[in-house]
Amino acid sequence: MLRRFAYIRAKSLDEAIDHLGAEGARVHAGGTDLLGCLREHIFDAKKVVSISGIKGLSSIGKTTDGGLRIGALSTITEVAEHPLIRERYRGLSQAASEVASPQLRNQGTIGGNICQKPRCWYYRGEFHCLRKGGDTCYAVEGENQFHCIFGGEGCYIVHPSDTAPALAALEAAVRVAGPSGYRTVPMERFHVLPGQDLEKETVLQPDEIVSEILLPPPAPGLRSSYRKVRARRSWDFALAGVALAVLFSGDEVARARVVLSGAAPIPWRSRAVEQVIIGKRLDTETVKRAADAVVRDAEPLEHNGYKISLFRGLVQEELSAIGKD
Ligand SMILES: Cc1cc2nc3c(=O)[nH]c(=O)nc-3n(C[C@H](O)[C@H](O)[C@H](O)COP(=O)(O)OP(=O)(O)OC[C@H]3O[C@@H](n4cnc5c(N)ncnc54)[C@H](O)[C@@H]3O)c2cc1C
Ligand code: SF4
């Protein structure tokens, strides 16, 4: 059952930011994650500030430099189906199509998707674990088959969003509105590791709001993709996933961003793979070396060692496929 809280429908960003300055206030966009968290008492809110009525936050369109602006309230369906995103940022369109179910994609927003809370079952259950301010991580010696193989320090969640790795690969930036104006944070630095802050998932302050996501113009020759492996065949979060953004010059890779999902508490950039493929043709030998490189520094827990072969296979297949596109 939901505990009582004040509910505000903000009409402007300034009004929303003002309300978010109060203790225990939370942003409400599509509500698909927030309301579940409040209902399950994962955390409480004294005030819930709806931003869904704020004009200008739900459009998608070209920027003056030829890039793309995606308003934070754009639904995941809109991101998946927008013709410009399909044509120029295919990896993002694919990632958005992989999110949850059609109903959740129609209700959930892109801003909410990159800010959603972790899915660790101890965190979502009645366990007062480290991330909730307790003194134990129950996953370390518990049921950790869906936890991370990189970047876990005290807490071993995996970042749950499918769109965030695709955005990071495409070098997107997040525009954030707060009490002293706007700031722009590269997607790659938007999420924080447990080693930086155990109780936060993003760099956002409580009174900050993601207003839009900015994508740079795609360079000629840029190809992007996203693929995830899940436990069930219908909707589910990624056990392992890979977002690619590869710039080709002729047959060779001139530039590359490789970002993993289901791997780490943040979208995990695999510089090891990038180093193997840059300057090379994606032939069988290079792709095999890249697949070995992706798991070189992995630190699996007791029950998630299967992710090693998943990532290896996924990177091998996706690099081979993008080389043939
Ligand atoms: C059954 C189920 C399956 C799912 N499967 C997947 C999946 O496979 N892949 C995947 O990526 N996701 C999945 N999700 C997550 C889903 O995509 C998110 O719930 C959704 O994207 C959140 O968007 P929302 O607008 O509803 O956010 P809300 O629920 O309104 O908010 C989510 C969080 O983000 C904060 N927030 C929202 N918007 C902003 C903003 N503009 N600025 C600052 N903070 C903000 C809120 O305070 C809250 O903490 C699943 C969810 C469910 C319930
Ligand atoms: S992995 Fe993180 S969220 Fe899960 S139990 Fe451990 S500390 Fe809590």
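Examine the range 78-88 for a residue that is touching a residue at least 12 places away in the same chain (Cβ under 8 Å) and either among the hydroxyl-bearing types (Ser, Thr, Tyr) or within 12 Å of ligand 2 (Cβ to nearest atom) (or both), and state whether such a residue exists. Step through it out loud before you land on a result.
Within the range 78-88, the first condition is being touching a residue at least 12 places away in the same chain (Cβ under 8 Å), and the residues that meet it are 78-82, 84-85, 88.
Next, from what is left, pick out any that are either among the hydroxyl-bearing types (Ser, Thr, Tyr) or within 12 Å of ligand 2 (Cβ to nearest atom) (or both): none.
Scanning the range 78-88 turns up no residue that is touching a residue at least 12 places away in the same chain (Cβ under 8 Å) and either among the hydroxyl-bearing types (Ser, Thr, Tyr) or within 12 Å of ligand 2 (Cβ to nearest atom) (or both).
Has the range 135-152 got any residue that is at pLDDT 95 or above, open to solvent by 10 Å² or more (accessible area, probe 1.4 Å), under 16 Å from the mean Cα position of the chain (by Cα) and polar (S, T, N, Q)? Checked against the condition, which is being at pLDDT 95 or above, open to solvent by 10 Å² or more (accessible area, probe 1.4 Å), under 16 Å from the mean Cα position of the chain (by Cα) and polar (S, T, N, Q), the range 135-152 yields no hits at all.
Could you tell me whether any residue of the range 199-211 is more than 11 Å from ligand 1 (Cβ to nearest atom) and either buried (at least 17 other Cβ atoms within 10 Å of the Cβ) or among the polar types (S, T, N, Q) (or both)? No, the range 199-211 contains no residue that is more than 11 Å from ligand 1 (Cβ to nearest atom) and either buried (at least 17 other Cβ atoms within 10 Å of the Cβ) or among the polar types (S, T, N, Q) (or both).
You will find that of 20, 2, 35, the residue that is more than 27 Å from residue 170 (Cα to Cα), within 10 Å of ligand 1 (Cβ to nearest atom), among the hydrophobic types (A, V, I, L, M, F, W, C) and open to solvent by 30 Å² or more (accessible area, probe 1.4 Å) is 35 and no other. Could you go through the range 58-67 and let me know if any residue there is surrounded by 21 or more Cβ atoms within 10 Å (Cβ to Cβ), within 18 Å of residue 164 (Cα to Cα) and in contact with a strand residue (DSSP E or B) (Cβ under 8 Å, 6 or more places away or on another chain). No, because not a single residue in the range 58-67 is surrounded by 21 or more Cβ atoms within 10 Å (Cβ to Cβ), within 18 Å of residue 164 (Cα to Cα) and in contact with a strand residue (DSSP E or B) (Cβ under 8 Å, 6 or more places away or on another chain).
All of (1) within 11 Å of ligand 1 (Cβ to nearest atom); (2) without any contact (Cβ under 8 Å) to a residue 12 or more places away in the chain hold for residue 135 with one exception: (1). For residues in the range 212-230 being exposed (fewer than 14 other Cβ atoms within 10 Å of the Cβ) and without any contact (Cβ under 8 Å) to a residue 60 or more places away in the chain, which is farthest from ligand 2 (Cβ to nearest atom)? If we take residues in the range 212-230 being exposed (fewer than 14 other Cβ atoms within 10 Å of the Cβ) and without any contact (Cβ under 8 Å) to a residue 60 or more places away in the chain, then 220 is farthest from ligand 2 (Cβ to nearest atom). Residue pairs whose Cβ atoms lie under 7 Å apart, separated by 6 or more positions or on different chains, with the first residue in the range 11-40 and within 16 Å of ligand 2 (Cβ to nearest atom) and of a type outside the set (Asp, Glu) and the second open to solvent by 20 Å² or more (accessible area, probe 1.4 Å) and outside any strand (DSSP E or B), are 37/43; 37/117.
Candidates in the range 85-130 are the residues that are surrounded by fewer than 17 Cβ atoms within 10 Å (Cβ to Cβ), over 13 Å from the mean Cα position of the chain (by Cα) and within 22 Å of residue 259 (Cα to Cα); of these, the one that is nearest to ligand 1 (Cβ to nearest atom) is 86.
A Cβ distance below 7 Å, combined with a sequence gap of six or more or placement on separate chains, defines the contacts here; from the range 89-110, residues that are under 15 Å from residue 267 (Cβ atoms) and within 16 Å of ligand 2 (Cβ to nearest atom) reach no residue that is modelled with pLDDT of 95 or more and of a type in the set (A, V, I, L, M).
For residue 79, the criteria (1) hydrophobic (A, V, I, L, M, F, W, C); (2) under 23 Å from residue 318 (Cβ atoms); (3) part of a loop (DSSP other than H, G, I, E, B) hold in every case but one, which is (3).
The values are calculated or read from the model by the stated rules, or taken from the named source; none is laboratory data. Computed from a prediction, not measured in an experiment: that's the story for all the values here. Because the Cβ atoms are built from the backbone with ideal geometry, glycine has one as well, and the counts that use them run over all protein chains shown. Quick note on the areas: whole protein, heavy atoms, side chains included, nothing else; ligands and nucleic acids left out. Shrake-Rupley method; radii C 1.70, N 1.55, O 1.52, S 1.80 Å.
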